[in-house]
Each structure stands twice: as structure tokens, then as C-alpha cells.
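Colleague: Okay, handing you the structure first.
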Amino acid sequence: MIKNIGLALFGFVLLFAFSSCEKDRAFVEFDDLEKGAFARKIDGVNGTYDFFNIDGSTIDFTVEFYDENQGQDVAEYNWTVEYVDNANSTTSAPVTIANRPASSFTPSADGLPSTSFSFGMREVMDALGLGDNDIAGGDAFRFKATIVMTDGRTFTAENTGTNIISSAPFSGWFRFDQSIICPSDLGGVFDYTTTETWCGAAPISGTAEWIDEGNGVYNTVDFSYGAYELCYGAGATLPHEDGAGDLRIENACDIIKPIGASRWGELYVFESVSTSGPDLTISWSNDYGEAGTVTLTRTDGRDWPNLTN
């Protein structure tokens, strides 16, 4: 069985109340759906927030707007930011970091309204009232966007369908976490043993590689570590291969987590992470209901650092 998903863009229209729990499902009647707007990143987010280089850390990105009127019904695109303290499981109150009116938009290469943002780490900390001693590596700044329409309606991550946010044809840009990173060196080739899967199959062994892409981000082809082929059959399409999907592993000061989404728009989480010498054990799951537990054993004579989730 090859996993697959059929998605249609329908003229770049915001679709609500569409379930993300089925990979093979037709859309409900188009005329019955509420239609709004969304922004989509152009060329991703550039830059990082480095715990050891606060004043030199900046992130920037550009978006273009989609709606039934070629993005012309977007009146404002605004961002707030919060500080996520992972150690204490707390999140600060949001503060406004940017207000962007439509009068400042410029045409993108596709002729759609577009705008760019640049958020310096020090700028964000000042907005939140945080000093150098108030932050820690592995914590994050959570950015949230609001689209305001010319008719007064507003759209955020809270009232936008998950397929609009996570599925590749849409990729609505309403929210992201920018982790505070530290120097990272986790790349390599590992032996793995998957001991648990969602389909209840027997253990699987193989070889996996984490490819260092810089700034604490690592790429690996098979996030299931053999479970997809075991559960779905030989030749099963993997969640990330041949450039499909943008799933990655991020190491933020020894706190590791999946970022991005699979080729079907699925979001992954690490439920637990533990290390013992050369062995790293991860229990993972995704929002399609798949899950597994894998132990990655280093083959380069090194031990894993004390990683956690």
C-alpha cells in the first residue's frame, strides 16, 4: 500500500472545516465553505536565534496573500510574539511585534500582494521585556499572525482549518516557533531498531542517516525508521524523500523535536527522548495516528549528548 493524499487548490481559496484525519477524502461542496484569505511563505524563513549571539541574530521571511480576489481583500497582516519557557512549561502573554497595512504591500513575482518581515532577536526580547538572563537555550519565541479582511473579518491559526496550515498546496503562514539554538553536532550514520509501531508489527532493523543542514537542523529520509514499509508493504512511499515535504529534526540546545510537515502535511512530535551512551531512543507520533519507538545507535564511536524532548 502506498500512502497518498489528493489535494486541490481551488483558486487559492481558504477552506474551513475540512478534516485532516483522512488522506483519501473528497472536498465537501465548495459553495458551502467559508472563504477567507491566507498568507504563504516565499522561500522559507532565513536566519536563526543563537543563544550565544543575541545581537547578531535575525530571522526574515516574505509572504504573499491568497483569497478569491487575488489577495486584494486583505487589509492588514499583523504579528504578535510570546516567549515559550520549555523548562517551566509556561508561555508569556503576547505582545505586538508588527502591524502591516495593505498600503505597504508590493506585488510578488506571481503578481499577488506581498510583504516582508525581519525580526531581530534583541528586538523581540525588548518587546517582551526580556534581558539576557531571562532566556535559555532550547526555549522559543512563538510568533502568531492575524489577517484582517477589508470587510472586518479576521483569520488566525485558531479559526483556520489545519489543512490550510499544514498541507503543501496551501501552507498558510499563521504561526511558528523560533527556537533558541546552541552549537550542534548530531549528524552521522546510525544503526536503528524500531521496537514498536502503530500496526503492531515485529521489530525492524536498518541504517539511517541524519544529514546536518546547519543551525541545528538535520534531515533524514525515513522518519518512520522502517515502519512505513513494514506496515504498508514493500515500496511504500516515505514521509520525506526526493524533496517531498519539509520534515526536519531540530536541535535547540539539546532539546530535539520534529519541525516542518510530511509530504502529506502531517505534523510529527517526539513523545519521549532518552540517551544512554551511543543509544538514542525516540518515541514519535503524528497527527494521522501513526507512531513508533526507535533506538538509534551511533557507529562512529561517539556517545549522544544528553538529549531530551
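Colleague: Within 10 Å, count the other beta carbons around each residue, average over each peptide in 196-207, 216-227, 146-157, 262-273, and list them highest first.
Modeller: 216-227, 262-273, 146-157, 196-207
Colleague: Please list 3J(HN,Hα) in residue order for the range 48-56, calculated via the Karplus relation 6.51 cos²θ - 1.76 cosθ + 1.60 where θ = phi - 60°; whole Hz, with x for glycine and proline.
Modeller: Each residue's phi maps through the Karplus curve to give 9, 10, 9, 4, 9, 8, 4, 6, x Hz.
Colleague: Another question about this same structure. Run through the range 89-133 and list the chymotrypsin sites (Phe, Trp or Tyr not before Pro) located in a DSSP loop whose Cβ has at most 12 other Cβ atoms within 10 Å.
Modeller: Filter output for the range 89-133: empty list.
Colleague: May I pose another question? Quick one: if you stick a label point 7 Å off each Cα along the C-beta vector at Ala109 and Cys182, how many nm between them?
Modeller: 3.9
Colleague: Take each of the peptides 295-302, 64-71, average the number of other beta-carbon atoms within 10 Å over its residues, and list them starting from the highest.
Modeller: So the order, starting with the most tightly packed, is 64-71, 295-302.
Taken together, the values in this text are just the output of simple stated rules run on the coordinates, not laboratory data. Remember, predicted model here, so these are calculated numbers, not experimental data. Counting neighbours? That spans all protein chains shown, and the Cβs are built from the backbone with ideal geometry, glycine included.
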